[in-house]
Amino acid sequence: MDSMLSPSFPQRAPWGTANKLRAWQQEALEQYFEADQRDFLVAATPGAGKTTFALTLAVEMMRMGEVNRIIVVAPTEHLKTQWADAAARVHIRLDPRFRNSDWAPARHYHGAVVTYAQVAAKSSVHRHLTEDAKTLVILDEVHHGGDALSWGDAIRDAYGPAKRRLLLSGTPFRSDTAPIPFVEYHPDESGARISRTDYNYGYGRALADGVVRPVLFHMYAGKMRWRTTSGDELETHLGQDNTKDVTSQAWRTALDPEGEWMPAVLSAADRRLTEIRHHVPDAGGLVLATDQTVARAYAKILHSITGQQPTVVLSDDATASERIEKFSAGDQRWMVAVRMVSEGVDVPRLAVGVYATSSSTPLFFAQAIGRFVRARRRGEAASVFLPQVPVLMGLAGEMDKERDHALDRQSKDDDGLEDSLLDGANREDEASDALTQEFSYQALSSVAHFDRVVFEGQEFGQLAEPGTPEEEEFIGFPGLLEPEHVHELLMQRQTRQSRLREAREASAGPTETTTLPAPLHRTLKEQRQLLNSLVGLYARQKGEPHGAVHAELRRICGGPAVAQATVTQLQSRIDVLRKRVRS
């Protein structure tokens, strides 16, 4: 896209993905100089080019003499090097190895790159660094400044004297109510204090501009079975209308590497990656795992599927940054990571993802999906494979939703999940799996089936077994897709899938079996009402109390009380009672 900027903006697009400023970057620069304010918050969707914008602004501010020192604050050690390399391309020399024992960067540097944790450890050093010159501070992913009360205080102390502060975020909200340093909050119509963004460039607009890739979410459900600590064996289909606790346990069972669900989903994701690599030869895939144990297990599964050893990136591995850089520069198929690649890390060739973690905060989800949206060429599309659970379905359908950070709100988010269970997703070194705090169980078995594809909030396709032509309709479409053609293609594939199913069912023999669940005609509420009606009828016939009938049904069919039972468990009890009532 042509730029109208004056020659005072040299060496544009430091990531090397464009030779001129994008329209939004130019527009944001103009608004920055028009606003002429000390703090300026830019919220731009991951992959849109926030680094390019920030460094272009830094070059101009130094040229004008407004500042003579640049400090970048990043979330992780890996991003320090990434920022320093990008700055060098626009002739800004930043020291990524600056330590708290140093009093100032060497004279040949324009400034330094540090982490939020580094500032929190000794804010006085960074305050001196700021006061010693006319300083522009770039706070990358600024929501991390609220990760702890001490962090926020340290950031304010260190960078309070700065001449200018540029606040950047791809997700300018948090899953808690900790205030973000230097962000302004204003009351909305209900009186709740909401963060104010000075310039916003969301996913929907970026997709329309061709700046980011379209993301297709491949949802997989399936039959899960596990044993609880009380000895009950539970069984349900992931994706059915179950209670919250049953859904959580089914989700964990699906992610168990010993079951059949994960190998089936990883195999489908690898077939999708193969299709993309026909058009984009260096395309890569990323599996986001909950912890190190399952990450290594997933890597073994991928090795058995592909014959290649995946790159495994663990948060406590001293070579993690080197592994990410090597993977980014190479053409290896798969990387498996625990949180290390959830935010800010730039691996543009990632085109397929497997969301194999039970973290469900909007913040973590947006950061994770942001790893796949960076576009390198027109027509690239990304595919992310997800468990079919309601909270992820909701987040996938709201990709283009623009969120602000609220300081005043109830203890539950819109998804109904307690913040106290999920706030670990905002911590760099804590486990993201809040569900392990609630349940102890033994996974017994899991079977996967394709459920649907979600794109721009719309759903396409129907249940299909892995490896069948019906599933392949949504695995084998081209690796290069224009955004405006994706919807049309998915509609065509949905029609073809229906024809394949009709043909298969017409030619199927009477003994043919399938792992797919029967259609769900009744909700949990209706199933419970039907069961209670049958219990009442049978109790009157036998002259027994209702509680005794329910207890006998649990003894015969297994499972928990009615309030916690799944649709499958309720149906088995209904079937038993129907036979007894008829007899």
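No lab work stands behind these numbers, since they all come straight from the coordinates. Given the structure is predicted, the values throughout are model-derived calculations rather than measurements. Cβ atoms come from the backbone with ideal geometry, glycine included; neighbour counts cover every protein chain shown.
Can you pull the semi-axes for the stretch 524-582, root of five times each eigenvalue of the Cα gyration tensor, sorted largest first, whole Å?
For the stretch 524-582, the semi-axes come out at 17, 12, 10 Å.
Distance from a point 7 Å along Cα→Cβ of Gln309 to each backbone N in the stretch 269-301: keep the residues under 12 Å and list them by number.
Label zone hits: 300.
Students often check this: by mean Cβ neighbours within 10 Å, which of 555-563, 94-102 ranks highest, and how do the rest follow?
Put in order of decreasing packing, that is 94-102, 555-563.
Go through 215-221, 253-259, 126-132 and give me the packing order, highest mean Cβ count within 10 Å leading.
215-221, 253-259, 126-132
Averaging sequence separations of C-alpha pairs under 8 Å and six or more residues apart, then dividing by the length of the stretch 524-582, give the relative contact order as a whole percent.
46 percent
What does the extension gain come out to for Glu30 and Glu131, with contour length at 0.36 nm per residue minus their alpha carbon separation?
Extra length from Glu30 to Glu131 when fully extended: 33.6 nm.
Points 7 angstrom from Cα along the Cβ direction at His487 and Met64: gap in nanometres?
Once both label points are built, they end up 4.1 nm from each other.
Multiply the residue separation of Thr468 and Arg196 by 0.36 nm, subtract the distance between their alpha-carbon atoms, and state the gained length in nm to one decimal.
93.0 nm
If you take every DSSP beta bridge whose two residues both sit in the stretch 23-208, what share of them, in percent to the nearest 5, is antiparallel?
10 percent
Just to be sure I understand the model, the point goes 7 Å from the Cα along the line to the Cβ. What's the resulting Gln541 to Lys122 distance in nm?
In this crude label model, Gln541 to Lys122 measures out at 8.1 nm.
Where does the stretch 12-163 land on Rg(C-alpha)/(2.2 N^0.38 Å)?
Ratio of Rg to 2.2 N^0.38 Å for the stretch 12-163: 0.98.
Please list 135-145, 64-74 highest first by mean number of surrounding beta-carbon atoms within 10 Å per residue.
Peptide ranking by packing, descending: 135-145, 64-74.
Pairs Lys542/Lys579; Lys50/Lys326; Lys80/Lys326: which are spaced more than 18 Å apart, C-alpha to C-alpha?
Flagged as over cut-off: Lys50/Lys326.
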